[in-house]
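Encoded as structure tokens, the structure appears first; notes follow it.
Every number in this text was worked out from the coordinates using simple rules, so none of it is lab data. Quick caveat: nothing in here was measured; it's all calculated off a predicted structure. Ideal geometry is used to build each Cβ from the backbone, glycine not excepted, and the neighbour counts take in all protein chains shown.
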Amino acid sequence: MARKWVYLFTEGNANMRELLGGKGANLAEMTNIGLPVPQGFTITTEACTQYYEDGREINPEIQGQIEEYIGKMEEITGKKFGDKENPLLVSVRSGARASMPGMMDTILNLGLNEEVVNVIAEKSGNPRWAWDCYRRFIQMYSDVVMEVGKKYFEELIDKMKEEKGVKQDVELSADDLKKLAGQFKEEYKGKIGKDFPDDPREQLMGAVKAVFRSWDNPRANVYRRDNDIPYSWGTAVNVQAMAFGNMGDDCGTGVAFTRDPATGATGLFGEFLTNAQGEDVVAGVRTPMHISQMEEKFPEAFKQFNDVCKTLEKHYRDMQDMEFTVEHGKLYMLQTRNGKRTAQAALKIACDLVDEGMRSEEEAVAMIDPRNLDTLLHPQFDAAALKAATPIGKGLGASPGAACGKIVFSAEESVEWANRGEKVILVRLETSPEDITGMKSAQGILTVRGGMTSHAAVVARGMGECCVSGCGDIIMDEANKKFTLAGKEFHEGDFISLDGSTGNIYDGVIETVDATIAGEFGRIMGWADKYRTMKVRTNADTPTDAAKARELGAEGIGLCRTEHMFFEEDRIAAFREMICSDTVEERKTALDKILPLQQGDFEALFEAMEGDPVTIRFLDPPLHEFVPTAEEDIKKLAEAKGKTVEDIKAIIDSLHEFNPMMGHRGCRLAVAYPEIAEMQTRAVIRAAINVQKAHPDWEVEPEIEIPLVGEVKELKYVKNFVVATAEEEIAASDTKVKYLVGTMIEIPRACLVADEIATEAEFFCFGTNDLTQMTYGFSRDDAGKFLEAYYDAKIMENDPFAKLDQVGVGKLMKMAVELGKQTNPNLPVGICGEHGGDPSSVEFCHKIGLDYVSCSPFRVPIARLAAAQAAIAEK
Ligand code: PEP
Ligand code: MG
């Protein structure tokens, strides 16, 4: 039997959104519960997928079923396509599984031609309305189906208004509109080379095709990527009998929410226009009135609408966003869906629904999109100011928040300007660890290069600071302290504004307001904690970050990148002395200077975490990242070491690597220079002993983490002297502390031999930044350059450095968990790559049985919520 590609509204229900799309499923559901819905049919999302499989053609089987359902629709409505007595007019609207407002196409008044327009003009006694419908239809059809730009038609309307000496479309007469329809058709013929189609069936097939095609338009593609909607879902098409809101003053159309989508406040919220079609409300051609005024105009319909709102909210147990039309005083429902809402509104609505007895706590937790919480945690642009502004460029929204300040081009200037009270935006080709203090003192960071896991992005997220990375359109001239973007030259001191969520860049100042955390936030988080099973830790290198993360609910540190500590002013010199040593003794002398400083850092971290677990990752990056580049610094180093400038330069040259990310880094440093790891071990253990002594009621148990292990012997080798050193320190003290030695799992080989590695490792933690880099062979710092091309070519839908590649990298992780637990069933396993704060990746981590995720402080609430949702979904 042929597959069923088309469903009447009476054949579907709300559970069929995968097949019928959200709009189709809800139209069916509203029909089922007896609401006044103009009847029609839905062409399935599978038909859309088939359209693409068939080379963007609607195959004869699907066409046949559409024809058949037109017949059924004609029977139900008692109207016929092209009929001279009672013609059927329809709307054709897209509707994907997840709502994508404004992303795809809609056509209204389909079925009109010269004959039909005359029939409806006569029958309604309202020729103005009839011709208005026709000219709108030609305009929409030409634009959406045939891609003749809107502007040609708008020019014709403007010309007509000028000729008639009127300002508004509504002031044009039936004759004017008739003339316009004729001009539109001529314009169409001129552009397309064919007459405007008169046959409603031909019009319908064209419109259905256009909606399918709109699934692949650029704005839909971008929206999908931003909202985690897979391309493979496709869109359904809804063909619905028209209800007319533009037949006179006893007609109208509106859009309304059952609660305020901005604040979540209860009560009807919406807008209404008399004598209009839906597009007029959306396009803002006329200023609509508040929904409450509908009561005066249409008391009967308003009362009915109010009842419908109550029914729908009760039925869907969520805030509804509805479209409706009143035709000669009679109400028709055209759409309902769970309304989009701000993060604040989402929290309030979820809590209210629990209080109203409509939802359970688990359901309330499951209703919140974790990604939205971001906006509650960072300063925000003033909504009205942002709406009025036009972006001048776009990069990656690497770290959310709103930032506004004067442009500076170096970390030093950032510090200097900030110290004298200026707000600055640090603009760099890319950032390096040396820029940290400058990054900290800036309001936001803008880089020309770099992806979602570039240095700037990772560090900014860690700091909770706004960052837009990888804006390749910027033509940078650092030497002359200027850059060009969108044809304008920007100089040091000029104001720009950054939106770290969208990646938009604005010229000048956009006002910001402080983020407010509503009371409901804590309530929802409390419920999330009750239901989640995975722990949530944070990636933090400083006591300030650690304290912030704890405030946001972190239950430990899952990654302290110790190298970040070496860049602080008071230790970089000693660290450079260590690197530029020729002998072990020389190196040890320099390390002895660093030891007390590191110990102090660790003590402060342990203090900040009050006995919660702390994972300390030993030195990871290649050493060349630390060497001085400025002549003056090289001279200083030479003096300190008693070497010549040439000697130092030779050492620096010798550190050069062709492929540093696969070079002398991670545990390879500890293998070559055990004294570095020994120093770090002493610092960790001494710090633990001191803090344990000071707080006997805490259980200070540091987790020493060896990075970049791919072979068990590497780990064994390093662990041997780490343990020997730790034991020596503990033996010399009067306080006993426990500690663990584990490893990052961030090399594909480590996943393949995880059973062997687990014989030595006391815990695993996935470093999915490196694991993704090495599994794909994509440089984590450069992938941004070609990923756009990959999106366009549909090779990828997301940045694998931001959203875990569950198919490939995920398979390796799953294997590593299984193999590791074969050796040690109690092996603790976590993740500390950037994915630890991405909701869909967190869900995957739950599924493969991780014990915790670790992410930057400001993503902790997101991870808590996502972990709870994963646990709830599993029940
Ligand atoms: C990782 O590789 O995922 C990781 C957490 O370590 P880093 O980002 O410091 O390389
Ligand atoms: Mg790593």
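Gly642 sits among other residues whose Cβ lies under 12 Å from its own Cβ, and their net charge, with Lys and Arg +1 and Asp and Glu -1, is -3.
Applying a 10 Å radius around every beta-carbon, put 474-485, 141-152 in order of their mean neighbour count, most first.
Working: 474-485: 15.4, 141-152: 17.0.
Per-residue Cβ counts within 10 Å, averaged per peptide and sorted highest first, yield 141-152, 474-485.
For a straight C-alpha distance cut-off of 25 angstrom, the lysines reachable from Lys635 (same-chain residues fewer than eight places away being disregarded) are Lys588, Lys593, Lys643, Lys649. Under a model in which nothing but the beta-carbon of Lys, Arg (+1) and Asp, Glu (-1) is charged, region 14-79 shows a dipole of about 360 debye around its Cα centre. How much net charge surrounds His846 when only the other residues with a Cβ under 9 Å from the Cβ of His846 are counted, with Lys and Arg +1 and Asp and Glu -1? The answer is 0.
In terms of its C-alpha gyration tensor, region 772-811 comes out oblate, because a/c is 1.5 or above while a/b does not outweigh b/c.
Dimensions of region 497-572 from C-alpha coordinates, computed as largest minus smallest value along each principal axis and given longest first, are 44, 38, 18 Å. Secondary-structure-derived ellipticity at 222 nm for the chain, considering helices only, amounts to -14500 deg cm²/dmol, per-run term -39500 (n - 2.57) for DSSP H runs with n ≥ 4. Quick check: net charge around Met679, other residues with Cβ under 14 Å of its Cβ, Lys/Arg +1 and Asp/Glu -1? Counting the neighbours of Met679, the net charge comes to -4. DSSP assigns beta bridges within the chain; of those with both partners inside it, close to 65 percent run antiparallel. Each Cα pair under 8 Å and six or more residues apart adds its sequence gap; the mean of these over the residue count of region 563-674 is a relative contact order of 29 percent.
With an a/c value of 1.5 or above and a/b not larger than b/c for the gyration tensor axes a ≥ b ≥ c computed over the alpha-carbon atoms, region 167-285 is described as oblate. Under the criterion of Cα pairs below 8 Å and six or more residues apart, the relative contact order for region 223-281 equals 31 percent.
Work out the charge dipole of the chain with +1 on the Cβ of Lys and Arg and -1 on the Cβ of Asp and Glu about the Cα centre, then indicate which of Val144, Thr544, Gly810 is farthest towards its positive end. The residue sitting most towards the positive pole is Val144. Cβ-Cβ distance of Glu416 and Asp653, R₀ of 45 Å, FRET efficiency by 1/(1 + (r/R0)^6): the value works out to about 0.90. Simple spin-label estimate for Val513 and Ala731 gives 6.4 nm between the two label positions (7 Å along the Cα-to-Cβ direction from each Cα). Between Thr589 and Lys189, residue separation times 0.36 nm minus the direct Cα-Cα distance comes to 135.5 nm. Among the trypsin sites (Lys or Arg not before Pro) within region 729-785, those in coil by DSSP and having at most 10 neighbouring Cβ atoms inside 10 Å are Lys736.
Peptides 541-551, 837-847 ranked from most to least packed, by the mean per-residue count of other Cβ atoms within 10 Å: 837-847, 541-551.
Across region 537-554, computed HN-Hα scalar couplings (Karplus, 6.51 cos²θ - 1.76 cosθ + 1.60, θ = phi - 60°) run 10, 10, 8, 8, 10, 10, x, 5, 4, 4, 5, 4, 4, 5, 4, 8, x, 5 Hz from first to last residue, x flagging Gly and Pro.
Taking the centroid of alpha carbons for each part, region 289-310 and region 681-748 are 69 Å apart.
In sequence order, region 317-334 has phi-based couplings of 6, 7, 5, 9, 10, 10, 10, 8, 9, 10, 10, 6, x, 9, 7, 10, 8, 9 Hz under the Karplus curve 6.51 cos²θ - 1.76 cosθ + 1.60, θ = phi - 60°, and Gly or Pro positions carry x. For region 858-875, putting each phi into the Karplus relation 6.51 cos²θ - 1.76 cosθ + 1.60 with θ = phi - 60° gives couplings of 6, 9, 4, x, 4, 5, 4, 5, 5, 5, 5, 4, 5, 5, 5, 4, 6, 4 Hz, in residue order, rounded to whole numbers and with x for Gly and Pro.
Normalised by the number of residues in region 186-252, the mean separation of alpha-carbon contacts (under 8 Å, six or more apart) gives a relative contact order of 19 percent. Note on the chain: with charges restricted to the Cβ of Lys and Arg (+1) and Asp and Glu (-1), its dipole about the Cα centre is near 1620 debye.
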